[in-house]
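**Student:** Structure provided below as structure tokens; questions to follow.
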Amino acid sequence: MSKLGNLGARLHHGEVGYDFIKNRKIWYGVSILITITAILGLAVRGLNMGIEFQGGAVFTTPKHMSASVAQAEGFAHDASGQESIVQKLGDGSLRIQIAGIETGKSDQIKEALAKDLKVNPEHINADLVGPSWGEQIANKAWQGLAIFMILVVIYLAIAFEWRMALAALVALIHDLTITTGVYALVGFEVTPGTVIGLLTILGYSLYDTVVVFDSLKEQTKDITRQTRWTYSEIANRSINGTLIRSINTTVVALLPVAGLLFIGGGVLGAGMLNDISLSLFVGLAAGAYSSIFIATPLVADLKELEPQMKALKKRVLAKRAHAAAQGEPLDAEPAGDDEEDAAPAGVGSRDQSASRGRGRGRPSGKRR
């Protein structure tokens, strides 16, 4: 077995682990700091909305143009009086995108571009997007996002409980805020591809969260019938038990997205890939972080507010204090097979079965 696989097995069985729940205030602070930075970026710089959302025109020139991208940007600014986005396509043609212009002004801009680029105006293709259509697209995007959030909360509340649904919703909002804040700070254009990327990363983030929640649900069955672990401690075991799986899933998903963003968008100059690849890259990383450091610790905090969990924590700490006073090891098995001291489902079963099996089949009397 590889070292990583061996570590995963030891994490799963609780032999090693990191106390994520104990240090949750650190992670909350880090998340708050990143979220504030993202909100400030949105407030100060704003989002660079594409023409699909604010209307405008896209002009495509004939193939094998001699003009450079910088020259075309200057020509477009002179013709429209606004900033433009110019891309050189694989066949040598130029794609000139000017947002926020009226459709009636497009013919005038087309004539000016044809004159500056020294081509026939009939050879320049113009695609127009009205502002009303862009507003409809933006409204549909917000509606789709709201419906997605509502369905997620309903599903998690039914499959698990409302506390887990609330924690997952907070984690999703956390991922969305960070991703959109990065878009504002970087200045990448927001297109329908960006919206698709956002919805995709929400699915990935939700998957990681549900994996931990499912483990936590199994391990906390009949939790109040034992006095060995508190809810927070079992939640921490759930995170550690699924940690390697979450890391592997995230790394495998990030590698092709990194190829799209850094190689496709950066090295090869395929700028049209940036709108979706950046949202996927940032969102996947934020989703993996929030599943481990935000969602599950938040569930533990909410559960520890329940009277039953408070009473359980009090009994566990009292039992440990008594064991320490008597000089007994803290992980000693309770005497007898009382139901009250039985471990919850999925927790410590390996240790219990091993301890109960000790001494069986051993002959009585002295060894010879």
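**Student:** Working carefully through the options Ala354, Ala295, find the one that is modelled with pLDDT of 90 or more, out of contact with any Pro (no Cβ under 9 Å at 6 or more places or on another chain) and open to solvent by less than 70 Å² (accessible area, probe 1.4 Å).
**Tutor:** Exactly one residue qualifies, and that residue is Ala295.
**Student:** Could you tell me which numbered condition Ala184 fails, if it satisfies all but one of (1) free of Cβ contacts under 8 Å to residues at least 40 places away in the same chain; (2) farther than 20 Å from Gln143 by Cα?
**Tutor:** The failed condition is (1).
**Student:** Now, a different point. If Ile96 satisfies every condition in (1) out of contact with any helix residue (DSSP H, G or I) (no Cβ under 6 Å at 6 or more places or on another chain); (2) open to solvent by less than 20 Å² (accessible area, probe 1.4 Å); (3) of a type in the set (A, V, I, L, M) but one, which is the exception?
**Tutor:** Here Ile96 meets the rest and fails (1).
**Student:** Looking at the stretch 339-347, is at least one residue under 23 Å from Val210 (Cα atoms), modelled with pLDDT of 90 or more and not hydrophobic (A, V, I, L, M, F, W, C)?
**Tutor:** no
**Student:** If Val182 meets every condition in (1) under 19 Å from Leu298 (Cβ atoms); (2) aliphatic (A, V, I, L, M); (3) modelled with pLDDT of 85 or more apart from one, which number is that one?
**Tutor:** (1)
**Student:** Out of the stretch 235-261, which residues are in contact (Cβ under 8 Å) with a residue 40 or more places away in the chain and farther than 22 Å from Ala300 by Cα?
**Tutor:** Thr249, Thr250, Ala253
**Student:** Quickly run through the stretch 101-129 and pick out the residues that are among the acidic types (Asp, Glu) and under 17 Å from Val86 (Cβ atoms).
**Tutor:** Passing the criteria: Asp116, Asp127.
**Student:** Just for the stretch 77-93: of the residues that are of a type in the set (D, E, K, R) and under 11 Å from Thr61 (Cβ atoms), which one is surrounded by the most Cβ atoms within 10 Å (Cβ to Cβ)?
**Tutor:** Filtering first and then ranking leaves Lys88.
Okay, residues lined up against (1) of a type in the set (A, V, I, L, M, F, W, C); (2) at pLDDT 90 or above:
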position	(1), (2)
Gly283	no, no
Gly287	no, no
Met309	yes, yes
Lys314	no, yes
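**Student:** A follow-up question, please. Looking only at the stretch 222-259, which residues are under 20 Å from the mean Cα position of the chain (by Cα) and of a type in the set (Lys, Arg)?
**Tutor:** The one that is under 20 Å from the mean Cα position of the chain (by Cα) and of a type in the set (Lys, Arg): Arg245.
**Student:** Let me ask something else about it. Tell me whether the stretch 134-145 contains one or more residues that are open to solvent by 30 Å² or more (accessible area, probe 1.4 Å), among the charged types (D, E, K, R) and either assigned to a helix (DSSP H, G or I) or closer than 30 Å to Ser93 by Cβ (or both).
**Tutor:** Taking every residue of the stretch 134-145 in turn, at least one turns out to be open to solvent by 30 Å² or more (accessible area, probe 1.4 Å), among the charged types (D, E, K, R) and either assigned to a helix (DSSP H, G or I) or closer than 30 Å to Ser93 by Cβ (or both).
**Student:** For residues in the stretch 1-55 being modelled with pLDDT of 75 or more, under 25 Å from Thr230 (Cβ atoms) and among the small types (Gly, Ala, Ser), which is surrounded by the most Cβ atoms within 10 Å (Cβ to Cβ)?
**Tutor:** In this case the residue turns out to be Ser31.
**Student:** Also, quick follow-up: For the stretch 170-278, list the helices (runs of 4 or more DSSP H) that sit wholly inside it and hold at least 3 residues that are β-branched (Val, Ile, Thr) and surrounded by fewer than 16 Cβ atoms within 10 Å (Cβ to Cβ); which are they?
**Tutor:** 243-258
**Student:** Something else: I'm told Glu304 meets every condition in (1) surrounded by 12 or more Cβ atoms within 10 Å (Cβ to Cβ); (2) closer than 30 Å to Arg245 by Cα; (3) modelled with pLDDT under 85 except one. Can you identify the failing condition by its number?
**Tutor:** Failing condition for Glu304: (3).
The values are calculated or read from the model by the stated rules, or taken from the named source; none is laboratory data. Worth saying up front: this structure is predicted, and the values here are computed from it rather than measured. Here Cβ is always computed from backbone atoms with ideal geometry, including for glycine, and neighbour counts include all displayed protein chains. Accessible surface is based on the protein model in full, side chains and every heavy atom, while ligands, DNA and RNA are left aside. Shrake-Rupley method; radii C 1.70, N 1.55, O 1.52, S 1.80 Å.
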